[in-house]
Structures are given as structure tokens and as C-alpha cells.
Amino acid sequence: NRALLARAQAQGRMLESNLRVQRLISQRHPVDEILQAITDEACALLGSDLVGIQLDAPGMPGSSAISTSGDVGRRLLDTLPTQELIRFGRQAAAGELDAPRLVALPVVGEAAVPITVYGSPVRNNGVSMGGLFLMRPADVEADRHIDTAAVETFAGQASIALTDASTVHELHHAFHDT
């Protein structure tokens, strides 16, 4: 019964998170604000130390949103070069992080630390524009798995936000084009 109750509570938290993000999208908040909300929600719900969205799309090259939790997340963000974060975003966009992968990354004051990285593409009208990725130490709660469906849901929300923003932009342009 406890396991069922915990699962129902987790599903409820995920639903509430999805509704918060969908509300931002439907109210047409700026895309950067929506992407930041998505990484914040994913970081909190998935228990990850660092969650990022990296976009390499025409009109928004290098756009990103990053959220961290705890000391490890802040140390990862402080230590990792921006190029490394961009690389993980690009790997997620290309589908290269579609299974959790172990990588060794240096963290301030420590030797290389094994980190689990997982990601999913972010699309605009079906075309990959970037990726959402998450990171956490591999040795923390080794029995805890990455909820890949939840990661894909968050990437899907980012995709919806991008598609909605580009559709609104195209409609505005169509009505104002001489």
C-alpha cells in the first residue's frame, strides 16, 4: 500500500508540474521564462543535481536554461565549461543520450566524479532544435532509476513551447506582411 501511495503522490506532483508549465505556455509567457520553469520543475521532481536545456536553432543560437539543486549541482555548474554543457545539449538533440550514460567529470575540489547523464531532444514542428539533459552523481542512491518518461515529458513541454512561439510569430508576421 505504501508503494502504491508513493507512486500516486509522485504522479500527482508530476501532473501539478505539467499544469504549471502548460499554464505558462497558454498565457504566452516568453520562451526563455518557460524553458527556465521547465528546468526548475524537472530538477525538483526528478531529484537531479543539474537539468539543462540547450537550443541551437536559427534565431536562438545558444539559448539555454539551467537549474541546479544542492551542492553537487552548483559545483557542476561552477566547474563545467559552457562548451561541455552545450555538448550535452547537442548530444541530447541528436538522440545520443537516449539511455542513461556514465561520464567522468571534474568537480571543484575533487577528482573526476562519475556522473549519470540522460537527455531527450527538444523539437519545433518535429525538427530537433536542441536537447534537455539531466545530470546527477552515479553513486548517489544507486538503486534510484531515472524516470525516462518524465524526462521525455519535460522535453515535450519545451517542444510545445517552441512550436507555439514560432506559430504565434508566423501568424503575427503573416498579418503584418505587406
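The values are calculated or read from the model by the stated rules, or taken from the named source; none is laboratory data. From a predicted model like this one, the values you see are computed outputs, not experimental measurements. Every residue, glycine among them, receives a Cβ derived from its backbone with ideal geometry; neighbour counts consider all protein chains shown. The accessibility values were calculated without ligands, DNA or RNA, using every heavy atom of the protein model including side chains. Shrake-Rupley method; radii C 1.70, N 1.55, O 1.52, S 1.80 Å.
Beta carbons within 10 angstrom, averaged per residue: use that to sort the peptides 153-163, 87-97, 27-37, highest first. If you can, show how the numbers build up before the last one.
On the way: 153-163: 22.7, 87-97: 20.0, 27-37: 17.0.
Ranking, from highest mean packing down: 153-163, 87-97, 27-37.
From the helices alone, meaning DSSP H stretches of at least four residues, give me the mean residue ellipticity at 222 nm for the chain, per-run term -39500 (n - 2.57), in deg cm²/dmol to the nearest 500. Numbers along the way, then the final one.
Values: 5 runs with 92 residues, N = 178.
Dividing the helical sum by the residues of the chain leaves -17500 deg cm²/dmol.
In sequence order, what are the phi-derived ³J(HN,Hα) couplings for segment 3-18 according to the Karplus relation 6.51 cos²θ - 1.76 cosθ + 1.60 with θ = phi - 60°, rounded to whole Hz, with x for glycine and proline?
For segment 3-18, the Karplus-derived couplings read 5, 5, 5, 4, 5, 5, 5, 4, 5, x, 5, 5, 4, 4, 4, 4 Hz, x marking Gly and Pro.
Could you tell me which of rounded, prolate or oblate describes the chain, using a ≥ b ≥ c as the square roots of the eigenvalues of the alpha-carbon gyration tensor, with rounded for a/c under 1.5 and, failing that, prolate when a/b is larger than b/c and oblate otherwise?
Since a/c reaches 1.5 but b/c is at least a/b, the shape of the chain is classed as oblate.
Roughly speaking, to the nearest percent, how much of the chain's 1.4 Å accessible area is carbon and sulfur? Each step should come with its number before you reach the end.
Numbers: 5330 of 9710 Å².
The nonpolar share, carbon plus sulfur, comes to 55 percent.
By its C-alpha gyration tensor, with a ≥ b ≥ c as the square roots of the eigenvalues, how is segment 12-56 shaped: rounded for a/c under 1.5, else prolate for a/b larger than b/c, else oblate? Intermediate values should be presented prior to the final figure.
On the way: a/c = 3.02, a/b = 1.10, b/c = 2.75.
In terms of gyration-tensor shape, oblate.
Provide the solvent-accessible area of GLU84, counting protein heavy atoms only and rolling a 1.4 Å probe, rounded to the nearest 10 Å².
For GLU84, solvent-accessible area is about 40 Å².
Calculate, for the chain, the solvent-accessible area per residue in square angstrom, rolling a 1.4 angstrom probe over the heavy atoms of the protein chains.
55
Whole-Hz Karplus ³J(HN,Hα) for segment 87-95, in order, using 6.51 cos²θ - 1.76 cosθ + 1.60 and θ = phi - 60°, x for Gly and Pro?
Taking θ as phi minus 60°, the curve returns 4, 5, x, 5, 5, 5, 4, 7, x Hz for segment 87-95.
Label-point separation (nm) for GLN9 and ARG87, each offset 7 Å from Cα along Cα-to-Cβ?
4.0
Using just the C-alpha positions of segment 23-106 as equal point scatterers, what log10 of I(q)/I(0) does the Debye formula give at each q in 0.13, 0.19 1/Å?
-0.44, -0.95
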